[in-house]
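Contents: one structure, followed by commentary.
Computed from the coordinates by the stated procedures, all read-outs in this text should not be read as laboratory data. This structure is a prediction, so every number in the text was calculated from the model and none was measured. Every residue, glycine among them, receives a Cβ derived from its backbone with ideal geometry; neighbour counts consider all protein chains shown.
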Amino acid sequence: MLDLDYRRLYDPGQVPQIMRDDLQTVLHDRARDLAHFRFSDGVRSMAQDGGRAQVTFDSGAEAEYDAVIGADGLRSAVRDQVLGRSDYRLHPLNLQAAAFTCENVLGLQNEYVAHLEPMRHSIVYTTRRNELSCILFFAPHAPVPGEAEPRLDYLRGVFEDAPAPVQEVLTTRARGALLYMDDLMQVRAARWSAGCAAIVGDAAHCLTQLSGIGASMAMASASALARALLAEDPASAGRRLERAIKPQVESLQRKTRRNAKWCVPRSGGLNALRAALLAGAPEAVWRFYFRAKYARS
Ligand SMILES: Cc1cc2nc3c(=O)[nH]c(=O)nc-3n(C[C@H](O)[C@H](O)[C@H](O)COP(=O)(O)OP(=O)(O)OC[C@H]3O[C@@H](n4cnc5c(N)ncnc54)[C@H](O)[C@@H]3O)c2cc1C
């Protein structure tokens, strides 16, 4: 077993931890007086005419806009209104992932613990609320169940003989609590805009959580699009966004596809090679790796 002490490899104090819910609350608080929010509704269809977009919502409401921006994530519905089916594809990394939080039953203190095994990779770290955040990557055994309880049973089956801390968090995780689980898929799109409509963030360029930088890139593409919209018309702004962000996204997606092979090696040979590299690499290599990774984010 290899034991890497992350505290010696980089200074965790330099990496702020922002939970998704907190970021969402901050963004909503800042925007609530600037925009009209429609909750529990979605875009059913969209048509463009004369540089404007006519939108019909699931609720039946209709409205016309100067620009429509789809920021509705990996399974974006707006993307199908902006792009044709041949303009993008969902590229599977042949991995599944699950994530949940639970009480700190392991007694960790500002720690990040990873267990790397053949076909499985588990990460457990403390949050600022002193809970445990758990992310599990694994080779697919079956399609991801739709409901929370069958998901938990599936996960417990996949990690049945995992190291004790992983089993403990899976036992602790309360039935009924939120449990994210999905296939890891990248969005690879030829373009991100058409006329006065565009897509940003995961809807346009999902990197998957394996990249560790999806939220940062979503913020970067939203910010680049906002700046472009201030300077020019929506059609040109969409194209400017692609020029500004696409090369970086494509490079990160390539890196993530390579990392996926090392995250959960599928063959005994690759697994043995990873174990040898992890055990043999001097600490200076890890220090360099973590500084470079977190300095980039
Ligand atoms: C387990 C996990 C851990 C991650 N960890 C990190 C990390 O440490 N660092 C990092 O940078 N990134 C991380 N990511 C990736 C990051 O969460 C995403 O890249 C980021 O959230 C993308 O932001 P987004 O706004 O484009 O999409 P999302 O965050 O997916 O938001 C899309 C929103 O659109 C809403 N929506 C969807 N469909 C509709 C519809 N039809 N109508 C109306 N609304 C709709 C959804 O409810 C959602 O609120 C992680 C992802 C996961 C799953």
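Comparing 174, 185, 150 along the charge dipole axis of region 150-204, the residue lying farthest to the positive side is 185, per the Cβ-charge model. Using 0.36 nm per residue and subtracting the Cα-Cα separation, the extra length available between residue 258 and residue 62 on full extension is 66.1 nm. Rounded to the nearest Hz, the phi-derived 3J(HN,Hα) couplings of region 264-270 under the Karplus curve 6.51 cos²θ - 1.76 cosθ + 1.60 (θ = phi - 60°) are 9, x, 8, 10, x, x, 5, where x marks glycine and proline. Among the trypsin sites (Lys or Arg not before Pro) found in region 79-167, those both in a DSSP coil and sparsely packed, with 15 or fewer other Cβ atoms within 10 Å of their Cβ, are 128, 129.
Taking amide H as placed 1.01 Å from N in the peptide plane, residue 95 has its amide H under 5 Å from the amide H of 184, each at least 5 places away in sequence or on another chain. Converting phi to 3J(HN,Hα) with the Karplus coefficients 6.51, -1.76 and 1.60 and the offset θ = phi - 60°, region 43-50 yields 7, 8, 7, 8, 9, 10, 7, x Hz in sequence order, with x at every glycine or proline.
GNM remark for the chain: springs join alpha carbons under 10 Å apart, and the peak mean-square fluctuation among 265, 282, 165 falls on 282. Between the amide H of residue 117 and those of 122, distances stay under 5 Å, these residues lying 5 or more places away or on another chain, with hydrogens modeled in the peptide plane. A simple charge model with +1 on the Cβ of Lys and Arg, -1 on the Cβ of Asp and Glu and nothing else charged puts the dipole of the chain at about 1160 debye relative to its Cα centre. A cut-off under 12 angstrom between Cβ atoms defines the neighbours of residue 265, and their net charge, with Lys, Arg +1 and Asp, Glu -1, is +3.
Averaging sequence separations of C-alpha pairs under 8 Å and six or more residues apart, then dividing by the length of the chain, give the relative contact order as a whole percent. Relative contact order of the chain: 20 percent. Estimated from the Cβ-Cβ distance and a Förster radius of 41 angstrom, the FRET efficiency linking residue 141 and residue 231 is about 0.25. Relative contact order for region 134-244: 20 percent, from Cα pairs under 8 Å spaced at least 6 residues apart, divided by residue count. Decide, for region 94-148, between rounded, prolate and oblate: order the square roots of the alpha carbon gyration tensor eigenvalues as a ≥ b ≥ c, take rounded if a/c falls under 1.5, and otherwise choose prolate if a/b is larger than b/c, else oblate. Cα axes put region 94-148 in the oblate bin.
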